Amino acid sequence: MLMIKIEGHLERITYKNEENHYTIARLSTEKPKNMITVVGFMAGISPGQTLRLSGNWETHPKYGQQFKINTFEVTLPETVDGIKKYLETGIIKGIGPLIAGRLVSLFGSDTLEIIEKNPERLTEVNGIGKTKAKLIETAWKDHHVIRQLMQFLQSRGIKGSYSGRILKEYGEEAFEILKTDPFRLAEDIPGVGFIIADTISQQEGVSPDDPKRVRACINHLIEQAANEGHTFIPEETILGQCHQAFRIEPEDTKTAIDNLAEHGIIVTEETGDDEQGRAVYSKELFLAEKGIANRFKALLSVPAASPGMNPEQLTQEILKKLALKLSSEQLDVLEQILAHRSAVITGGPGTGKTTLIRSVNAIFEATGRVVALAAPTGRAAKRLSEVVQRDAKTIHRLLKFNFKESCFEVNRNNPIDADVIIIDEASMVDTVLMYHLLNAVPVTSKLILVGDVFQLPSVGPGNVLSDIIRSEALPVFYLTEIFRQAQESPIIINAHMVRRGESPDFNSKNTDNELSEFYFINQSDPNTIVETIVKLCVESIPKRFYFDPIKDIQVLTPMHKGVAGTINLNQVLQKALNRNTDQAEIMGGIYKTGDKVMHLKNNYLKDVFNGDIGTIAGVDRETNQVTVDYEGRIVVYEPEEMHELSLAYAISVHKSQGSEYPAIIVPLITQHYIMLQRNLLYTAMTRGKKLVILIGARKAFQIALNNDKPRKRFSGLMKKIRENQQLI
């Protein structure tokens with residue numbers, strides 16, 4: 001696309017994100033004479049400056065025509081009058097109107113060059129001593145280094161939004177590091193560091209087989225594999241990707257792998273598969289897998305103490321404590337769990353996992369044992385606390401994560417103070433978190449992992465619960481009996497049918513006079529699907545089922561992009577469900593009072609966690625400060641913290657794990673092909689408590705149902721656990 005170039009005078013900055021320098025500003029142009037809105041990533045700019053911009057016009061649905069910036073350049077004034085006006089704006093700390101006048105009177109048109117190249121001469125000006133001269137020199141450098149950095153990146157086709165992270169990492173040395181040693185970024189800035197470094201290095205003429213580049217490429221591929229859920233990447237895959245994507249010869253890659261392993265930066269391990277070659281790990285993930293296997297070996301080597309109760313006594317105790325009678329299957333599992341040091345309980349919805357957790361907790365408390373209950377997410381922990389009716393924590397809270405030091409205070413030297421530790425939703429626990437958890441479990445304590453192994457695996461690397469079960473080292477108890485109440489639920493019955501690869505009965509009870517819990521709406525056009533979802537949320541479901549459209553209904557979708565992805569659905573649903581005019585535009589997104597939002601990462605300082613859902617209680621238009629109500633607890637977000645928040649009218653299926661909602665709507669379209677898997681469909685369906693509506697093409701549903709081969713995750717955990725058990 002051909003870039004449009006404009007030049008103008010920066011009148012005012014409407015909004016600026018200090019973290020990534022996303023800016024909304026007003027610019028006055030001379031030819032034609034006009035006042036326009038410009039948006040984009042700009043740093044080191046202030047009102048009063050002249051800007052040269054390249055970009056394109058776009059139309060915002062609310063604010064109209066805007067100029068979207070691709071690159072920018074600050075044009076410093078050259079005339080004495082222009083320099084004086086420029087400095088009078090207060091753009092440089094330490095220079096006000098009075099000092100600006102004195103500087104220009106003495107140095108004339110050379111004023112800016114003196115400040116930049118000969119700041120020691122500033123003391124020649126009346127009112128500027130050595131201390132103030134140093135202050136002005138520092139302020140000038142700070143002001144220009146970020147602008148210089150951003151322009152350097154933009155000139156090489158790299159997003160200017162990354163400049164804030166680079167400057168935060170390297171300070172005023174950032175520009176020099178990018179030019180002389182760009183691959184430092186690959187080590188210091190996870191995710192985007194390698195891409196930035198490689199783009200710069202190629203433009204600076206660095207050879208494709210430069211050892212620094214090859215090592216950085218390998219580390220990047222290992223990191224990328226971890227982001228996709230793998231704990232290691234096969235050596236043959238690295239050789240192939242390095243050759244195809246980065247023009248690095250296999251022998252150079254192999255030499256670099258050996259070098260990195262020799263220096264302890266990565267770890268290699270034989271897989272026993274000639275096609276894969278060696279397993280190549282990051283050091284952290286290898287140690288985590290090894291640590292998990294070693295801890296299970298230690299836990300299983302200590303015999304479990306008998307609870308001293310026979311089946312009749314167990315039955316009586318459960319009746320007394322919980323006023324319920326266990327099934328023969330549950331009672332048998334309970335007996336066996338009590339006889340083992342560590343165990344896994346797994347089963348689908350309606351099979352009594354929660355009842356068993358309550359029973360285990362009741363029995364151990366009756367015998368005077370201390371029980372700790374935990375789950376991976378805040379919502380899962382809250383749900384566990386509600387059903388067991390006692391305190392449950394997130395695993396991070398149980399282990400007392402210290403956000404300042406980025407470490408767990410509860411560990412092997414300071415273990416969990418409990419006789420029994422029960423972890424619910426264990427399928428969501430990734431390799432690193434399981435390692436830290438097991439490290440903190442005393443060898444004299446009992447560990448019980450509870451989860452549905454048929455659900456999606458953890459977002460983080462590994463497939464821990466599945467690997468533990470497949471290792472056959474721990475006793476695993478499968479709950480298969482669906483209880484009478486659950487047998488009457490089409491949601492649960494159909495979820496189990498999907499798990500087995502069978503097509504649900506879509507016609508059951510779907511009449512005008514009789515409401516069902518489960519519906520499939522056959523619709524193939526993505527735009528019509530979105531329109532139907534809006535109608536369901538705004539009219540149909542609230543009218544027929546009396547659910548609150550914001551609090552009770554949750555849209556779950558396989559992907560973020562596309563017409564039926566979270567991004568578009570959130571914008572459409574926000575417009576339909578929230579008519580509030582109290583709003584602010586922050587980081588390119590619109591947030592309104594009353595919006596349903598989700599917190600996206602653990603924030604221990606604010607005491608909010610990944611997956612927590614709240615409602616915006618207020619938006620300050622002056623400061624762009626947003627206040628969120630998390631079920632009675634108020635949390636304030638500054639504009640630069642808004643990347644931790646997202647609209648949550650529609651969320652991904654992965655983000656819904658560990659949560660339940662009164663009603664869910666799941667769009668299924670063939671464009672989501674890459675994500676259409678049976679375990680994703682099963683996970684989505686089991687999130688709905690009272691109403692599940694699938695809407696989409698029958699073909700898309702069938703693709704998901706038939707796809708029982710989830711993308712394979714490379715993991716060596718099962719093998720390590722098995723090898724350790726042979727040594728006991």
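The values are calculated or read from the model by the stated rules, or taken from the named source; none is laboratory data. These figures come from a predicted structure and were not determined experimentally. Cβ atoms come from the backbone with ideal geometry, glycine included; neighbour counts cover every protein chain shown. Areas reflect the complete protein model, heavy atoms only, side chains present, ligands, DNA and RNA absent. Shrake-Rupley method; radii C 1.70, N 1.55, O 1.52, S 1.80 Å.
Below are the figures for this structure:
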item	result
Strands (runs of 3 or more DSSP E) wholly inside the range 364-469 that include at least 3 residues being more than 25 Å from LYS712 (Cα to Cα) and of a type in the set (A, V, I, L, M)	371-375, 420-423
Scan of the range 636-668 for residues that are open to solvent by less than 10 Å² (accessible area, probe 1.4 Å) and over 22 Å from SER427 (Cα atoms), ordered by number	TYR637, MET642, LEU645, ALA648, TYR649, ALA650, ALA663, ILE665, PRO667, LEU668
Test for GLU531: is it modelled with pLDDT under 95 and either out of contact with any Phe, Trp or Tyr (no Cβ under 9 Å at 6 or more places or on another chain) or loosely packed, with under 15 Cβ neighbours inside 10 Å (or both)	no
Matching option when the condition is assigned to a loop (DSSP other than H, G, I, E, B), open to solvent by less than 30 Å² (accessible area, probe 1.4 Å) and either under 21 Å from CYS217 (Cα atoms) or polar (S, T, N, Q) (or both), among PRO190, PRO182	PRO182
Subset of the range 586-606 (residues that are within 14 Å of GLU641 (Cα to Cα) and open to solvent by 10 Å² or more (accessible area, probe 1.4 Å))	MET587, GLY588, GLY589, TYR591, LEU600, LYS601, ASN602, ASN603, TYR604, LEU605, LYS606
Counted residues, the range 265-298 - those being outside any loop (DSSP other than H, G, I, E, B) and surrounded by fewer than 20 Cβ atoms within 10 Å (Cβ to Cβ)	10
Any hit, the range 154-174, residues being crowded, with 17+ Cβ neighbours inside 10 Å, at pLDDT below 85 and more than 30 Å from SER282 (Cα to Cα)	yes
Subset of the range 113-129 (residues that are of a type outside the set (A, V, I, L, M, F, W, C), farther than 16 Å from LYS93 by Cβ and not in a loop (DSSP other than H, G, I, E, B))	GLU113, LYS117, GLU120, ARG121, THR123, GLU124
Matching residues, the range 320-353, being open to solvent by 60 Å² or more (accessible area, probe 1.4 Å), in a helix (DSSP H, G or I) and in contact (Cβ under 8 Å) with a residue 40 or more places away in the chain	LYS321, GLN336
Number of the condition not met by GLU481 [criteria: (1) touching a Leu at 6+ places or on another chain (Cβ under 6 Å); (2) at pLDDT below 95]	(1)
Within the range 193-210, considering residues that are under 17 Å from GLN224 (Cβ atoms) and surrounded by 17 or more Cβ atoms within 10 Å (Cβ to Cβ), the one nearest to the chain's Cα centre (by Cα)	GLY193
Within the range 227-264, considering residues that are open to solvent by 20 Å² or more (accessible area, probe 1.4 Å) and part of a loop (DSSP other than H, G, I, E, B), the one nearest to PRO208 (Cα to Cα)	ARG247
Filter result for ILE95 (at negative phi, among the β-branched types (Val, Ile, Thr), surrounded by fewer than 20 Cβ atoms within 10 Å (Cβ to Cβ) and in contact (Cβ under 8 Å) with a residue 40 or more places away in the chain)	no
Residues of the range 516-570 satisfying the condition of being closer than 17 Å to ILE613 by Cα, in a helix (DSSP H, G or I) and of a type in the set (Lys, Arg)	none
Per-region count, the range 83-92, residues assigned to a loop (DSSP other than H, G, I, E, B) and either open to solvent by 10 Å² or more (accessible area, probe 1.4 Å) or modelled with pLDDT of 85 or more (or both)	3
Long-range neighbours under 8 Å by Cβ, at least six apart or interchain, first residue of a type in the set (Val, Ile, Thr) within the range 636-654, second part of a helix (DSSP H, G or I) and modelled with pLDDT of 85 or more	ILE651/THR566; VAL653/LEU680; VAL653/THR683; VAL653/ALA684
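One line per residue, one yes/no per condition, for (1) aromatic (Phe, Trp, Tyr); (2) under 44 Å from the mean Cα position of the chain (by Cα); (3) buried (at least 20 other Cβ atoms within 10 Å of the Cβ):
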| residue | (1), (2), (3) |
| --- | --- |
| THR23 | no, yes, yes |
| ASN34 | no, yes, no |
| PHE67 | yes, yes, yes |
| THR71 | no, yes, yes |
| ARG102 | no, no, no |
